[in-house]
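Right, I'll just put the structure down here and ask away after.
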Amino acid sequence: MEVKIGVQHANRELVLESEQSPEEVEQAVADALAGKSNLLQLTDEKGRRVIVPADRLAYVEIGEVSIRKVGFGAI
């Protein structure tokens, strides 16, 4: 699933592919914004962690779960 994170005062958004469920990502964002955690921490599909200070979050866009197609064929 693709997650886009907008950070205040940054020219580019952070984009990562995550194996976490949309519900897990939504809960992590909600916890960070509610003050339960000062940081938003997500893990991408390669195991790398992305950590953003909660007070710098501009937006978080949670994409749909995508199944990668392999092979040739008409689309």
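For the list (1) at pLDDT 90 or above; (2) among the aliphatic types (A, V, I, L, M); (3) open to solvent by 80 Å² or more (accessible area, probe 1.4 Å), I need the number of the one condition that Val70 fails.
Result: Val70 fails condition (1) only.
Then there is this: Restricting to region 1-24, count the residues that are in a strand (DSSP E or B), open to solvent by less than 50 Å² (accessible area, probe 1.4 Å) and in contact with a Ser or Thr (Cβ under 8 Å, 6 or more places away or on another chain).
Counting residues in region 1-24 that are in a strand (DSSP E or B), open to solvent by less than 50 Å² (accessible area, probe 1.4 Å) and in contact with a Ser or Thr (Cβ under 8 Å, 6 or more places away or on another chain) gives 1.
Scan region 28-60 residue by residue and report those that are surrounded by 11 or more Cβ atoms within 10 Å (Cβ to Cβ) and assigned to a strand (DSSP E or B).
Scanning region 28-60 gives Leu39, Leu40, Gln41, Leu42, Thr43, Val50, Val52, Pro53, Leu57, Ala58, Tyr59, Val60.
The values are calculated or read from the model by the stated rules, or taken from the named source; none is laboratory data. Owing to the predicted nature of the structure, the values given are computational and were not obtained by experimental measurement. Neighbour counts run over all protein chains shown; Cβ positions are idealised from the backbone, glycine included. Just so you know, the surface numbers come from the protein's heavy atoms only, side chains and all, with ligands and any DNA or RNA stripped out. Shrake-Rupley method; radii C 1.70, N 1.55, O 1.52, S 1.80 Å.
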